[in-house]
Structures are given as C-alpha cells and as structure tokens.
Amino acid sequence: MGEPLLRVENLSLRREGRDILRGVNLTVQSGQIHALLGLNGSGKSSLAYVLMGCEGYTPDAGRILFEGRDLAGLSITERARQGITLAWQEPARFEGLPVGKYIGVGARDQEHDREHVIAALEAVALPAKIYGFRAADRTLSGGERKRVELAAVYAMRPRLAILDEPDSGIDVLSLGDIERLIRHLADEGSAVLLITHRDELVTMADVASLMCFGSILFTGDPAEARRYYTGRCRPHLETLGAQPWDASTPEVQAALASNGGPVSPLSSHAVKESA
Amino acid sequence: MSASTVREHALGQRPGWANEMAAMLEAYREAGGNPDALQLPQVATLVVSANQVLAAHEIPGVHFEAESLEHGVKANIAVEPGAKIERPVHLCFGVIPAEGLQEIMAEYDIGAGAHVEFLAHCSFPNAVKVQHVMEACIRIGEGASLTYTEAHYHGPTGGVEVRPHAGVRVADGGRFITTFSLTRGRVGLMDLDYVVSVGADALAELTTKAYGTGDDKITVREVVRLNGARARGLTKTRVAVRDEAISQVYTTAEGNAPGARGHMSCTEIVRGRAEARNTPLVIVRDDQAQVTHEAAIGTVNRKELESLLARGLDEDEAVDLIIRGMLQ
C-alpha cells in the first residue's frame with residue numbers, strides 16, 4: 001500500500017492544563033472508511049478539530065501529513081481547499097442563510113453545482129423543494145440540521161470527510177440514510193474518518209481505531225474493535241470514568257504506552273480489570 | 001373613465017413624464033423591486049420622483065390622495081374598512097439626480113378589519129447629496145392588519161441622508177408587521193425613528209436591517225408601547241458595520257397593561273474599526289406584563305465562521321455570507 005491519504009504521527013494537544021491528545025498515531029487510506037470509536041470525552045472531537053485546523057487546536061507535538069505534505073501552519077480554508085472537511089457534531093446555526101446556499105458553498109467550484117445541492121439533499125432524505133429555501137437556523141430540528149451538515153459535506157466531494165458523530169441526534173429509523181450517505185461518499189472516492197461512540201456504525205468501516213483518554217489503544221478489524229469496545233472496554237471505562245480516571249496508574253500508563261499499534265491481547269494493556 | 005383613470009391619464013401627459021417614469025422604474029428595480037408589478041392593473045401603485053407624483057393607480061379598497069410640495073409630496077393612503085387586498089400595494093419613492101431633497105408626509109389609514117400589505121422601495125441610485133425624509137402617521141383600525149416592507153437602495157457613494165420617522169397606532173386586535181432594510185449600496189446617514197402604540201390583543205413586530213460600510217452612520221430608535229391588555233410587541237434589529245461605520249440602536253419596550261408581552265432582539269456584527277452600540281430600555285408598569293431583551297454584539301460567531309471555512313471559503317467570503325444571511 002502506498003502513501004496513506006492521511007498520516008497522523010505522535011500528535012499531542014494540551015488545553016487548559018489538560019492533556020487532550022497523547023501521542024496519537026493514525027492513518028487513513030484513500031476511499032477508506034476509518035471508524036474512530038471511543039467514549040464521550042476520549043478526545044475524538046478534539047482530534048477532528050486539530051485535523052481541520054480549528055482555532056485553539058494547534059497541536060503541541062506531532063505531525064499531520066496529507067498526501068505526504070505537512071499541514072502545519074495551514075489555515076482551515078487551505079486545508080479545505082486540499083480536500084479536507086469536517087461535519088460538526090453540533091452544527092452551527094446560520095440566521096437567514098438558506099439551506100441550499102449553505103450546501104452550495106462547498107459545491108460552488110463544481111460544474112452543475114445546483115444539481116449537486118439537490119442530489120446532496122436527496123442523499124440525506126430531505127426534499128430539496130422543501131428544504132432548499134429554508135434557513136439553516138434554529139427553526140431546523142437537531143436531526144434536520146445534522147442532515148444538512150452531512151449534505152454539505154457530500155456536495156463538496158471532499159478527499160477526506162471527517163464526520164463527527166454523524167448519527168447523534170438522528171432518529172433510529174433514519175440511521176440507514178446516514179449509513180447510505182457514508183457509503184456513497186466512500187464509493188465516490190472520499191475517505192471517511194467516522195467518529196462515533198456508538199459501536200453499531202463501526203461495522204460499516206474498513207478499519208476501526210479505539211480511542212481512550214486521548215490515545216489510540218487499538219487499530220484494526222472493526223468487528224474486533226466493536227467486540228472489545230462493547231464487551232470489555234466500555235463497561236471498564238465507564239467504571240473508571242466514574243472514579244474518576246487516574247492517568248498515573250500503571251494500567252493506564254501501560255495503555256498509553258501501547259498507543260499506535262494493535263493491542264494484543266486487547267485486555268493486557270487497555271484497562272484494568274474491575275474489582 | 002373613472003376618476004382614478006382620469007388622474008393617471010393627466011399625470012401621463014406631463015412633459016418628460018415617460019423618461020422620468022422609466023428612470024424610476026429602473027431605480028425601483030435596483031432597489032430590489034419588480035417594475036412589471038407596478039404596471040399591473042390589479043396592483044395599487046404610487047410612484048413619486050422627488051416632488052412629483054408620476055403614478056397613482058388605485059384599485060377597489062385602496063385610495064391615494066397625493067399633492068406636490070416644494071420639496072416632496074403629501075400623501076394620504078387609505079384602505080377601506082373590511083377590505084382584503086390580495087396583492088401588495090406598491091410604493092416607489094426616489095430621487096434620480098445626484099442632489100436633492102425629498103420630504104414625504106404620509107398618512108396611512110387602514111380601516112377596521114382590513115388586511116393589506118405594502119411594498120415600499122426607496123431608491124437614490126445616483127445620490128451624491130440627497131436627503132430623504134419620511135414623516136408617516138399610520139393608523140391601523142380594530143382587527144386590521146398591515147404588513148409594511150420597505151427596502152432602500154442608496155447607490156455606491158454614501159451620499160444619502162435618510163430619516164424615516166413614523167408614529168404608529170395599532171387599535172385593539174390589530175397587527176402591524178414592518179421590515180425596514182438598507183443592505184444594498186452604501187447607507188450614508190440613516191436615522192430611523194419609530195414609535196408604536198399597541199392596543200389590546202394587538203401585535204407589533206418591527207424588524208430593521210442595515211449594513212454600514214465606509215463612514216456610514218446608522219441610528220435606530222424604536223419605541224413599542226404595549227398599552228392594551230395582552231398586547232404583544234417585538235423589535236428585531238440586525239445591523240452589520242465594517243470599516244469605520246457606526247451604528248447606534250436604541251430600543252424601548254413598555255409593558256403597560258396586564259398580559260402584555262414584549263421582546264427586543266438585537267444582533268450587531270462589527271468588523272474592522274467599526275463601532276456598534278445597543279441601548280435597550282425596558283419599562284414595565286403592570287405587574288402582569290413582561291418584557292425581555294437579548295443582544296449579541298461583536299464579531300461573527302466562530303463556529304459559523306469555521307463551518308464555512310471548512311467548505312473552502314476564505315474569511316472575508318465567509319463573513320460576508322454570514323452577514324448577508326443575517327440581513328436576508
């Protein structure tokens with residue numbers, strides 16, 4: 001396999017006196033769906049903001065290589081123009097800005113951009129005639145706004161789509177629409193970094209990484225990641241999270257030290273056994 | 001031939017009428033209006049250029065009385081009680097030359113139970129030194145509804161001084177919904193001053209939008225007096241200023257009767273060396289009334305900005321899109 005589309009090397013981020021990311025290593029190949037699984041607060045969204053270059057998320061150490069080029073110092077706009085985009089977990093509300101126009105921003109350089117907007121709305125099961133002219137503001141429900149955000153990413157045809165919890169706020173009956181959209185993105189050549197804390201989505205990924213307290217504990221087969229996450233990791237982490245987590249314990253230190261490669265057997269480093 | 005038709009015919013006989021009318025229609029288009037609508041027989045229309053009435057087309061239920069003054073026009077606009085006017089009444093005011101003064105003294109009488117919408121466009125496309133003063137007295141009868149939308153276009157130089165002043169009385173059960181927008185071309189100097197008195201079970205909604213650039217100066221003064229029981233009032237101010245423009249927004253809402261509900265919402269976006277101020281004043285004189293206000297003044301929301309940057313817009317493009325959306 002050649003140079004990955006995205007290579008994250010030893011990335012660390014410290015904010016407000018806390019280590020948010022601790023030496024994260026991650027690779028995403030072109031056209032690949034790479035799930036990033038982890039509990040709330042594990043650093044998934046922070047990693048997304050660092051990758052996108054958001055304000056306040058400049059890494060303290062490490063590198064982000066996109067097609068082999070270091071993204072350090074590049075603005076959000078410059079990263080977007082290289083083909084990276086992000087669908088926010090809680091998308092912004094825009095007073096007065098029509099949905100169609102918002103979606104069209106990313107598609108503006110493409111031929112037939114209007115058709116792209118309509119197709120993008122249809123891809124998230126929002127009728128263009130109804131939603132195209134509505135404002136992307138507080139009058140949309142959380143689920144509608146989320147779909148609009150995903151449609152905006154889809155219309156852009158990015159090289160790398162970072163989707164931060166695309167399934168949150170979506171009703172259960174509509175989860176299939178979101179999965180189809182993710183599949184469409186990959187089928188059309190986009191790599192997808194699929195951030196989620198719900199293991200159900202992981203099965204559609206080609207690769208999955210498990211994130212815990214700012215570190216990647218495991219990268220590999222999605223089914224294995226899911227089994228570990230649901231069967232052992234989540235219960236343990238929920239228990240640990242309630243204590244709260246103590247990063248100085250040998251178990252945690254061992255887990256952090258194992259960052260970057262497959263942890264095998266999974267239970268040997270990742271978390272301490274419950275009493 | 002009806003009286004209205006006779007008058008229109010007489011207006012059309014004036015020397016130079018055709019050229020002036022054509023210029024006004026073009027100005028109307030620049031202000032965002034549709035000139036074709038001004039020529040539909042079923043649409044009531046009043047067109048005033050400087051101090052000349054170029055067209056006054058009445059339809060059943062809508063009546064105009066207009067006379068020229070030295071520097072403007074005095075107009076009485078009446079909607080008959082109970083009239084339901086299907087199509088918006090179009091008003092077109094403007095000054096085509098680079099310099100001039102236009103004073104519009106207008107009285108609006110919306111009869112009890114009438115429902116009507118006005119679309120007013122004010123255009124000063126060539127203005128270098130133009131003053132436009134509107135002194136309006138608006139009476140909305142019991143159970144009547146008036147929606148009044150006013151859009152301005154001032155051209156690129158900032159040479160316009162516009163002073164829209166209105167006193168509005170909404171009788172019991174009436175509705176007054178107005179939107180004033182000055183978001184295309186330069187503002188120049190804008191001094192908006194509305195005072196609205198709202199009766200029992202009546203409603204007033206005032207929306208003001210302006211986009212100041214260069215050394216534009218924007219002043220908005222709005223007073224809503226909720227005098228009747230269960231009266232409702234809303235002021236919504238959306239202003240963006242950049243360069244060295246200045247905006248000052250003074251809104252007052254008075255809850256003077258039981259069950260009155262008022263809210264003031266002000267959003268101002270500031271860029272460059274511009275300055276924005278908001279001074280809300282809440283007065284409550286009844287223990288069963290409630291008035292609230294919210295204001296957000298400053299730079300654009302970071303999350304909104306980053307969302308657009310992540311689609312490839314640069315910062316200026318993104319800010320402009322956010323501002324245009326807010327002023328939509």
Next on the checklist: Taking each residue in B:298-308, count the Cβ atoms of any other chain within 10 Å of its Cβ, then average. What number comes out?
Outcome noted: 5
Checklist entry - For the pair A:N40 and A:R15, how long in nm is the line joining their label points, each one 7 Å along Cα→Cβ? => result 1.6
Checklist outcome for this item: Ranked from fewest to most other Cβ atoms within 10 Å of their own Cβ, A:I130, B:I85 fall in the order A:I130, B:I85
Checklist entry - What does chain B give for Rg and for Dmax, in Å, if only its C-alpha atoms count? => result 20.3, 64
Checklist entry - FRET efficiency for B:A296 and A:E78, Cβ-Cβ distance as r, R0 = 30 Å, nearest 0.05? => result 0.55
Checklist entry - Net charge near A:D164, counting Lys/Arg +1 and Asp/Glu -1 over other residues with Cβ under 14 Å of its Cβ? => result 0
Checklist entry - Computed FRET efficiency, Cβ-Cβ of B:T207 and A:D171, R0 41 Å: what is it to the nearest 0.05? => result 0.75
Checklist entry - In debye, nearest 20: dipole of segment A:93-157 around its Cα centre with unit charges on the Cβ of K, R (+) and D, E (-)? => result 220
Item to check | Antiparallel DSSP beta bridges within the protein assembly as shown, percent to nearest 5 | outcome: 20
Checklist entry - Taking amide hydrogens as modeled 1.01 Å from N in the peptide plane, which residues meet the under 5 Å criterion relative to B:G155, leaving out close sequence neighbours? => result B:F124, B:R186
Item to check | Nonlocal amide H pairs with B:A166, under 5 Å, H built at 1.01 Å | outcome: B:A136, B:D193, B:Y194, B:V195
Checklist outcome for this item: In whole angstrom, the spacing between the Cα centers of segment A:107-150 and segment B:230-268 equals 32
Checklist entry - Can you give the % of DSSP beta bridges in segment B:3-300 that are antiparallel, to the nearest 5? => result 10
Next on the checklist: How far apart, in nanometres, would the label points at B:N19 and B:K129 be if each is projected 7 angstrom from Cα along the Cα-to-Cβ direction?
Outcome noted: 2.4
Checklist entry - How well do other chains shield peptide A:69-76, expressed as the mean number of their Cβ atoms within 10 Å of each residue Cβ? => result 2
Checklist outcome for this item: Within the under-11-Å Cβ sphere about B:F124, not counting B:F124, Lys/Arg +1 and Asp/Glu -1 give a net charge of -1
Next on the checklist: If you filter segment A:69-101 for trypsin sites (Lys or Arg not before Pro), then keep DSSP loop positions with at most 13 other Cβ within 10 Å, what is left?
Outcome noted: none
Checklist entry - Tell me, what ³J(HN,Hα) does each residue in segment A:42-55 have, in order and in whole Hz, if you take phi through Karplus 6.51 cos²θ - 1.76 cosθ + 1.60 with θ = phi - 60° and put x for Gly and Pro? => result 7, x, 5, 5, 4, 4, 4, 5, 5, 4, 7, x, 5, 4
Item to check | For A:I216, residues with placed amide H under 5 Å, excluding near neighbours | outcome: A:N25, A:G260
Item to check | segment B:64-106-segment B:134-173 distance, computed between alpha-carbon centres (Å) | outcome: 11
Item to check | Summed residue charge, Cβ within 10 Å of A:K44's Cβ, Lys/Arg positive, Asp/Glu negative | outcome: -2
Checklist outcome for this item: One finds, for A:T58 and A:A125 with R0 = 30 angstrom and r their Cβ-Cβ distance, a FRET efficiency to the nearest 0.05 of 0.20
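Taken together, the values in this text are just the output of simple stated rules run on the coordinates, not laboratory data. A quick note: this is a predicted structure, and the numbers were derived from the prediction, not measured. Virtual Cβ from ideal backbone geometry, glycine too; neighbours counted across all protein chains shown.
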